[in-house]
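Below is one structure; the comments refer to it alone.
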Amino acid sequence: MKILLVEDYVPLRTSIAQVIRESGHHVDETGDGLEAMHLAIKNNYVLAIVDVMLPGADGLEVLREIRRSQKETAVLIITARDSVEDRVKGLDAGADDYLVKPFSMDELTARVRALLRRANQVRDPMLKVGDLELDTKRRSARRGGVELELTSKEYALLELLMLRSGQIVTRSDVWEQLYDFDQEMESNVIDVFVAYLRKKVERPGLPKLIHTRRGQGYLMEERPEEVHAEE
């Protein structure tokens, strides 16, 4: 998933970004409120993590701009201000969650997982398509009870496809969620990436789960009549 991180204290921003990237998500970072507004409007983020005290424009103004733009970005406010009044201001401005500093990275990642599930209208941390299971807490996947060895990018792609199971995921969707916003999309890199994931997910004699829709993108769903054959 693609996440915007807005925090002007560099050591904290670096730590948060590292933890989120290790979870397989792409992160765009900034410490400036005005730049955050520009990024939030230009790109489609599933989640924005926004500090309140920022140069340029404060975090609540960034939040209001996201809401004015009609983007469906979930917003997690992080701040040292812990009064009830401050929390109410953040939630009234449209925040989906509010986390007070100092916080543990375990709590942050748990909040991030919950907001990503909510953004995709999924409540259960265990995602299932047929006999394929993805545990978003443990960041692990199994098919038919057999653990899959996935890279962080492969896990992120699988999570994206499973969160949107039954829906078309375009190549642009994949690129946007897994790569830097300023990188140019290469013609076949997504197809190659999906092919690598298929080799780990599909099993001879079992139903295919990852389907290609020519000219549209990819679809994750179980079709019992379509069985993966040994090539």
Give the angle, between 0 and 90 degrees and rounded to the nearest 10, that separates the Cα long axis of helix 59-68 from the longest principal axis of the Cα atoms of the chain. 60 degrees
Kindly state, as a whole number, the per residue volume in cubic angstrom of the convex hull around the alpha carbon atoms of the chain. 125 Å³
Modelling each spin label as a point 7 Å along the Cα-to-Cβ direction, I'd like the Y196/E147 distance in nm, to one decimal. 2.1 nm
Put a dot 7 Å past each Cα toward the Cβ at R81 and E107; how far apart are the dots in nm? 1.9 nm
Within the chain, what is the longest stretch that has no trypsin sites (Lys or Arg not before Pro) placed in a DSSP loop and near at most 11 other beta-carbon atoms within 10 Å? 1-122
What base-10 log of the normalised intensity I(q)/I(0) is obtained for segment 126-220 from the Debye formula, alpha carbons as equal point scatterers, at q = 0.11, 0.18, 0.23 Å⁻¹? -0.30, -0.81, -1.31
Take the Cβ-Cβ distance between M126 and T170 as r, set R0 to 25 Å, and report the resulting FRET efficiency rounded to the nearest 0.05. 0.45
Given a Förster distance of 35 angstrom, what is the FRET efficiency for R138 paired with H211, based on the Cβ-Cβ distance and rounded to 0.05? 0.85
Go ahead and estimate [θ] at 222 nm for the chain from helices alone: -39,500 (n - 2.57) per DSSP H run with n ≥ 4, summed, over the residue count, rounded to 500. -12000 deg cm²/dmol
State which entries of K42/K153; K101/K128; K2/K208; K42/K208; K2/K128 exceed 32 angstrom in Cα-Cα distance in the structure shown. K101/K128; K42/K208
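Any read-out appearing in this document is the output of simple, stated calculations on the displayed coordinates, not a laboratory observation. Since this is a predicted model, take the numbers as computed values, not measurements. Backbone-built Cβ (ideal geometry, glycine too); neighbour counts: all protein chains shown.
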